[in-house]
């Protein structure tokens with residue numbers, strides 16, 4: 001069987017890996033339009049400072065990525081985050097440590113007494129009677145109140161999705177939270193019940209020695225597949241039961257095709273094959289975001305923690321700062337420090353598209369205003385994404401049902417990326433495994 005995978009990021013590579021685990025005889029050709037593999041998972045080394053252009057790792061409380069790492073033989077290169085990474089901050093009117101215990105929550109100045117009381121009343125708040133979708137803001141206001149939502153949930157959704165509470169679907173972006181309300185009647189009730197069933201610590205942030213690119217390179221080398229880089233697929237057609245891929249000056253024939261790339265890129269390829277399917281893909285929204293990395297020979301802050309996120313009410317131009325060298329020891333040379341500043345998102349989309357010089361200035365200003373540090377970086381790196389992270393709007397799940405119903409008309413065509421059912425590394429690997437399973441079942 002001759003199979004094409006279009007897109008050489010983690011979704012494409014892990015889908016190929018799981019197919020070969022069950023059907024090693026499958027002939028797979030992977031097409032990547034850029035000169036390297038990994039997609040947004042890329043580590044840049046500048047004078048010994050390692051800057052991630054996207055995700056810096058994954059949580060160990062889900063089995064998906066850990067399983068893939070073990071299966072491909074890269075377990076010895078796993079890198080556990082420093083214990084200090086559990087310390088996190090929110091900048092609202094000043095920099096405040098995120099409370100990590102009930103007592104710390106009661107003492108935090110992030111919420112007023114009334115705001116804390118409203119959170120406590122969540123236990124007595126009745127569950128939503130219908131299953132209609134709603135924004136994270138609507139869900140938060142209902143269950144924990146406006147103050148908690150506009151502070152904690154606002155910062156959280158900026159950090160994960162570069163989005164805003166009023167711009168994202170709670171059902172699609174945070175399904176586990178919705179399940180707590182549905183199954184237990186509330187968040188506190190659900191957490192108490194689950195704690196009784198699932199004793200043990202939560203997940204730990206993990207990465208890889210040398211950054212995420214080292215894992216991508218190893219995963220690609222662990223498989224016997226044909227890899228074509230600088231290979232831009234411009235159109236996909238169908239002739240009888242075969243798919244025809246237009247690649248550079250050639251038209252190549254395949255039995256099955258797996259699209260593992262951003263939804264908007266897939267839309268362009270499928271426009272002539274199925275206009276309705278292409279439109280659904282094109283309608284998936286993405287948030288622009290830019291990353292500014294700074295490396296310091298000397299830095300007047302201990303960087304003891306994971307970093308900070310800002311709230312919308314703080315009126316800061318940055319979404320947050322990741323204290324990279326505090327999270328993973330190998331992100332900066334010994335004795336030196338590094339961090340990354342996130343700019344843009346749904347909160348300030350126009351800022352993400354500024355020039356490099358403007359982004360650097362915004363990042364420096366953000367560090368000064370939130371951390372009180374004016375040190376000049378010795379190394380600077382900038383990465384800009386006009387379409388960075390998928391933003392699951394209200395109704396996303398229903399749109400996905402429609403999308404995958406349309407997809408059924410094209411036997412042998414599959415979709416596998418972070419545009420559909422989760423944006424994290426664990427989500428990508430989990431969804432890739434499901435796509436591989438479906439592929440194998442239909443190939444029998």
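Might you check whether a residue that is touching a strand residue (DSSP E or B) at 6+ places or on another chain (Cβ under 9 Å) and free of Cβ contacts under 8 Å to residues at least 24 places away in the same chain occurs anywhere in the stretch 334-342? There is no residue in the stretch 334-342 that is touching a strand residue (DSSP E or B) at 6+ places or on another chain (Cβ under 9 Å) and free of Cβ contacts under 8 Å to residues at least 24 places away in the same chain.
Filtering 176, 155 for residues that are in the same structural domain as residue 113 (by TED's automatic domain parsing), over 25 Å from residue 313 (Cα atoms) and either under 17 Å from the mean Cα position of the chain (by Cα) or modelled with pLDDT of 95 or more (or both) leaves a single hit, 176.
Condition check for residue 68 on (1) touching a strand residue (DSSP E or B) at 6+ places or on another chain (Cβ under 9 Å); (2) buried (at least 23 other Cβ atoms within 10 Å of the Cβ); (3) not assigned by TED's automatic domain parsing to the domain that holds residue 430: one failure, at (1). Out of curiosity, is residue 364 at pLDDT 95 or above and touching a helix residue (DSSP H, G or I) at 6+ places or on another chain (Cβ under 9 Å)? No: the conditions fail for residue 364.
Take the conditions buried (at least 17 other Cβ atoms within 10 Å of the Cβ), more than 19 Å from residue 411 (Cα to Cα) and not assigned by TED's automatic domain parsing to the domain that holds residue 438 and apply them to residue 298. Does it pass? No, not satisfied. Of all residues in the stretch 99-120, how many are surrounded by 12 or more Cβ atoms within 10 Å (Cβ to Cβ) and in contact (Cβ under 8 Å) with a residue 24 or more places away in the chain? The qualifying residues number 5. Close Cβ contacts (under 6 Å, 6 or more residues apart or on different chains) running from residues in the stretch 40-52 that are within 11 Å of residue 380 (Cα to Cα) to residues that are surrounded by fewer than 17 Cβ atoms within 10 Å (Cβ to Cβ) and modelled with pLDDT of 95 or more comprise 51/44. The requirement of being in a loop (DSSP other than H, G, I, E, B) and either in the same structural domain as residue 8 (by TED's automatic domain parsing) or closer than 30 Å to residue 9 by Cα (or both) is satisfied by residue 210. The set of residues from the stretch 16-53 being part of a helix (DSSP H, G or I), over 22 Å from the mean Cα position of the chain (by Cα) and buried (at least 17 other Cβ atoms within 10 Å of the Cβ) comprises 19, 20.
Can you confirm whether the stretch 371-379 contains a residue that is crowded, with 21+ Cβ neighbours inside 10 Å, touching a helix residue (DSSP H, G or I) at 6+ places or on another chain (Cβ under 9 Å) and under 19 Å from residue 54 (Cβ atoms)? There is no residue in the stretch 371-379 that is crowded, with 21+ Cβ neighbours inside 10 Å, touching a helix residue (DSSP H, G or I) at 6+ places or on another chain (Cβ under 9 Å) and under 19 Å from residue 54 (Cβ atoms). Of the residues making up the stretch 60-81, those that are assigned to a loop (DSSP other than H, G, I, E, B), modelled with pLDDT of 95 or more and under 29 Å from residue 319 (Cβ atoms) number 1.
The values are calculated or read from the model by the stated rules, or taken from the named source; none is laboratory data. Remember, it's a predicted structure, so these values are computed and weren't measured experimentally. Positions of Cβ are generated from backbone atoms using ideal geometry, with glycine treated the same way; all protein chains shown enter the neighbour counts.
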